[in-house]
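FYI, it's all coordinate maths here, none of it is from the lab. Quick caveat, the model's predicted, so the values are computed rather than measured. Counting neighbours? That spans all protein chains shown, and the Cβs are built from the backbone with ideal geometry, glycine included.
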Amino acid sequence: MDLTDTQQAILALITERIGSEGVPPSQTEIARAFGFKGVRGAQYHLEALEQAGAIRRVPGQARGIRLVQPVMAETAPAGDDNALRVPILGRVAAGAPIGADAGNHDYVLLDRTFFAPPPDYLLKVKGDSMRDEGIFDGDLIGVHRTHDARSGQIVVARIDDEITVKLLKIGKDRIRLLPRNPDYAPIDVLPDQDFAIEGLYCGLVRPNR
């Protein structure tokens, strides 16, 4: 399904906002940015983007827009500057933390325009604690390698020898890793634990199932 110029521009806005602020624009903000009279115009184009497989919308959330990038073909056109070869380094838990399996070095080809910032590697999600962010069991999440993150961003974090993906919440006296599924409890980072931010979530790949 081909996207119109307006839909491509809306997709670019969503990508830019997620990359710069960690959250997508609301429908009201999209309508304002493109001069629509109301949110119905934004909804129309978001529905088209979802039907095209470019985004996924989470029902009941004001900013429930998630980028979805299908895996590209194993071979990309020569000289395609948008083609990005990204390694799959292992697994990450969207549930209780699990050990990272860093021995897997398969690669996939991605379109870099669907990620902000570009991912350094992919991790395969196990569990459903991030389902309300549109991240499901079996998804491959793009990770931008960094040790810096703001409260409210989705991060890949290491606690001792375990790796998990959660929403980062930095308080005055503690750090919490929050699930996005009410069936799971928050993880409080204890003072004696070896804790580090390994990277920022920057988009996902949903393999064909």
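Give me D for region 5-67 in µm² s⁻¹, whole number, from Stokes-Einstein with Rh from the Kirkwood sum over alpha-carbon pairs, 20 °C and 1.002 mPa s.
187
Given +1 at the Cβ of Lys and Arg, -1 at the Cβ of Asp and Glu and no other charges, the dipole of region 98-209 around its Cα centre is 420 debye to the nearest 20. All other residues whose Cβ lies under 15 angstrom from that of residue 196 are scored, Lys and Arg at +1 and Asp and Glu at -1, for a net of -4. The order of the peptides 165-172, 47-54, 112-119 by mean Cβ neighbours within 10 Å, most packed first, is 112-119, 165-172, 47-54.
How much FRET efficiency would the formula 1/(1 + (r/R0)^6) give for residue 136 and residue 32, where r is the Cβ-Cβ distance and R0 is 25 Å, rounded to 0.05?
On the way: r = 31 Å, r/R0 = 1.25.
Efficiency for this residue pair is about 0.20.
Fully extending the segment from residue 185 to residue 172, taken as 0.36 nm per residue of separation minus the present Cα-Cα distance, adds 2.7 nm.
Computed over neighbours whose Cβ is under 14 Å from that of residue 170, the net charge equals +3, Lys and Arg +1, Asp and Glu -1.
Checking the cross-link filter: which lysines have an alpha carbon closer than 19 Å to that of residue 126, excluding same-chain neighbours under 8 positions apart? Within the straight-line limit of under 19 Å, residue 126 reaches these lysines: 166.
Under a Cβ-only charge scheme (Lys and Arg +1, Asp and Glu -1), can you give me the dipole magnitude of region 108-159 about the Cα centre, in debye to the nearest 20? Before the final figure, lay out each step's value.
On the way: 7 positive and 8 negative charges, 41 e Å.
Computed about the Cα centre, the dipole is about 200 debye.
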